[in-house]
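The next block holds one structure in the form of structure tokens; read it before the comments.
The values are calculated or read from the model by the stated rules, or taken from the named source; none is laboratory data. This structure is a prediction, so every number in the text was calculated from the model and none was measured. We place every Cβ from the backbone using ideal geometry, glycine too, and count neighbours over all the protein chains shown. SASA here: full protein model, heavy atoms, side chains in, ligands and nucleic acids out. Shrake-Rupley method; radii C 1.70, N 1.55, O 1.52, S 1.80 Å.
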Amino acid sequence: MQSVEGRSAIIMATEDSNKRRRVIAGNENSSGLRKIYDLTIEPLTYVADFLPLPSRAMFAAALVNGKGGLSTENNQKIAGNACETLDFGDIEKDLAAKLSDDDVDAILRCVDAVNKLKILRLTNCVNMSGAGLEPLRGSEIIEIIDFTLVGAKADQYLHPDPPRAHLDPPISCERILPILDTIIIVEGALKHLQFPLHWRNYRSEDSDFYQFLERFNRMLDDRGLNRCFKCNEIGEPPVELNNSRHDYGIQCGTCLVCLKHHCDGCSDNNDDGSYTYFCTKCERVYCSDCSVKYTCERCDTCYCVECPTRMRCAECEVNLCDFCGCLCPNCRRPYCDDCHDENKCECDVCQSEVCRECTRQCEDCHFGHCEDCCEKAGINGVHSCQDCGIEQCVECRLRRPYPVDRSCSGCFNIIAKPWLGERPHAS
């Protein structure tokens, strides 16, 4: 016979079981399915294994925000252990642009960023002020933070949709600099910071940003991070503080990829072919080992080869930047200024300037059409005969001497067939 204590335990267990059934039933929707955060940790972790790191962390954060009641241990299991690099460019651009400070804060906590994260890139996170980086406060692990909000090979200018097209992104010095100060004062691993363009465009020695750059320079100097890896000499402060230079606020001489530092002397006297350069398009510094330098042969401006500004003149084949190259508006062929002047032709109908390749000009009267106007003109345009190769307008083709030149079947095809309701056989 059961004791009173045994009967009480059975009753309590039954009531607890009934309570769990009621909770589950209450969480079921009309189709009888349970909510996702009612699942055990195993299937949640299995699903997360198929996601890239930012998506895994967002998945874990969503379960927490959905009042799933996950423990810290289970939350980090879902986020994963391989969380040394977090780049929001790995998720859809539109999704990253919607992330708020609360979202970023939850994601960083899910991956235990203060103890694990080494590289953070806030690509496309244009909706945050910086308060969401609070979990990084005092980090001794973080090495690289990219605040530019654009991809690694994109220019620094953001192009948000109207009506925000005239506004800077909300990411602010007031929110972020105090967090960065707690990182640079500890004996940590911080090596590289890339700042937003609108911070660098405000150039005042009295600004909080300028004063932080001075503190950051001192930290780099104290840790020997401006020591040239080639000659082992300590160079000038890495971060450019001359506010009249285009690279103001940039860690000059330090490659963004390998973080090796080149002093000015070794970079200029590159006997072994190793040097650093500043890409004026994406405004980042690379070494020659990590990214090939592309130099405009007209203005000597440097670009990394991955930036989509480079072009080669279609005529003389010199390297050009987007400022020194001229594009034909029709075929988009690039030309240097000299070749552009030699190859440009003006359409006698619409007066647009196109390259010689996009112009059809009568060999007799020199009347010219661009390809669009020639197509619109139909039989009255300038056509090239596929048989004799002569390019003429219809009036000059009809005035050709008879019978020798009029015996060309290609010319007859151009002139006669449109009157028969057929398309001319012309190129």
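The table for this structure:
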{"item": "Where a label projected 7 Å from the Cα of Glu353 along Cα→Cβ would reach, residues of the range 322-345 with amide N under 11 Å", "result": "326-329, 337-338, 340-345"}
{"item": "Listed peptides 289-297, 179-187 by packing density, highest first (mean Cβ within 10 Å)", "result": "289-297, 179-187"}
{"item": "For the range 213-259 versus the range 92-119, the gap between their alpha-carbon centres in whole angstrom", "result": "28 Å"}
{"item": "Listed pairs Lys77/Lys98; Lys230/Lys281; Lys116/Lys191; Lys77/Lys118; Lys118/Lys260 exceeding 23 Å between Cα atoms", "result": "Lys77/Lys98; Lys230/Lys281"}
{"item": "Relative packing of 77-84, 47-54, 200-207, which averages over residues the other C-beta atoms within 10 Å, highest first", "result": "77-84, 47-54, 200-207"}
{"item": "In sequence order, calculated HN-Hα J values of the range 346-355 (Karplus, 6.51, -1.76, 1.60; Hz; x Gly/Pro)", "result": "9, 5, 6, 9, 9, 6, 7, 9, 10, 6"}
{"item": "Where Leu136, Leu327 fall by accessible area, highest first, once all protein chains stay in place (1.4 Å)", "result": "Leu327, Leu136"}
